[in-house]
Amino acid sequence: MQRLLLPPVVWFASVGVMVILQRTWPLAALPTDARVLAWWAGGVLVLAGLAMAQWHARLFKRIGTNINTFGEPGTLTTAGLFAYTRNPMYLGMLLALAGVALALGALSPWILVLLFFVLAQCWYIPLEERKLVARFGRQYADYRRDVRRWL
């Protein structure tokens, strides 16, 4: 069951639901002339968000630490954007989802952006932070004090 709830799986499922919502319930759709601009701007956000998430996923692989949300942390990572945000991978996925919603050009897909944020904020991140506190104690507490959760 945990495999189905891994953040990338939830991300892809969210994109699918966003497309379905846009096609079946395009609440407050953008006017036709604004859709092209929204599509391009959304595409830029998708690429930036996915690049951010992938950069840090590869960082985890390079340093040999666990990336699985439900696994045990191996190393406290402060490199890359971890120096500015404790969750650059979630931030990247959220940015990419916002890009998809923007590109779809309707209000209804934004529901999934909000749901992904709530899931990360209220479940994924607190779960990971409890494990990091247990594993790294004071070192993680200092990092947590100095670096914001999101931005």
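The values are calculated or read from the model by the stated rules, or taken from the named source; none is laboratory data. Just so you know, these numbers come straight off a predicted model, no measurement behind them. Neighbour counts run over all protein chains shown; Cβ positions are idealised from the backbone, glycine included.
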Handout entry: Hits in segment 57-113 - residues which are touching a helix residue (DSSP H, G or I) at 6+ places or on another chain (Cβ under 7 Å), in a helix (DSSP H, G or I) and of a type in the set (Gly, Ala, Ser)
Key = Ala57, Gly80, Gly92, Ala96, Ala98, Gly99, Ala101, Ala103
Handout entry: Of all residues in segment 39-59 being hydrophobic (A, V, I, L, M, F, W, C) and buried (at least 18 other Cβ atoms within 10 Å of the Cβ), the one that is nearest to Ala96 (Cα to Cα)
Key = Val46
Practice task
Answer with yes or no whether Leu97 is under 29 Å from Val36 (Cβ atoms), surrounded by 15 or more Cβ atoms within 10 Å (Cβ to Cβ) and of a type outside the set (Phe, Trp, Tyr).
Solution key: yes
Completion exercise
Residues of segment 1-18 being β-branched (Val, Ile, Thr) and either outside any helix (DSSP H, G or I) or loosely packed, with under 14 Cβ neighbours inside 10 Å (or both), in sequence order, are Val9
Handout entry: Residue list for segment 70-94, restricted to those being surrounded by fewer than 20 Cβ atoms within 10 Å (Cβ to Cβ) and farther than 23 Å from Asp146 by Cβ
Key = Phe70, Gly71, Glu72
Completion exercise
Checked Ala96, Ala83 against criteria (aliphatic (A, V, I, L, M) and within 23 Å of Gln2 (Cβ to Cβ)); the one match is Ala96
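Against the definition (of a type outside the set (A, V, I, L, M, F, W, C) and closer than 18 Å to Leu21 by Cβ), how does Gly49 come out, yes or no?
Taking the combined requirement at face value, the residue does not satisfy it.
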Problem - Contacts under 7 angstrom Cβ, first residue in segment 119-133 being surrounded by 15 or more Cβ atoms within 10 Å (Cβ to Cβ), partner β-branched (Val, Ile, Thr) and at pLDDT below 95, 6 or more apart - result: Tyr124/Thr69; Glu128/Thr69
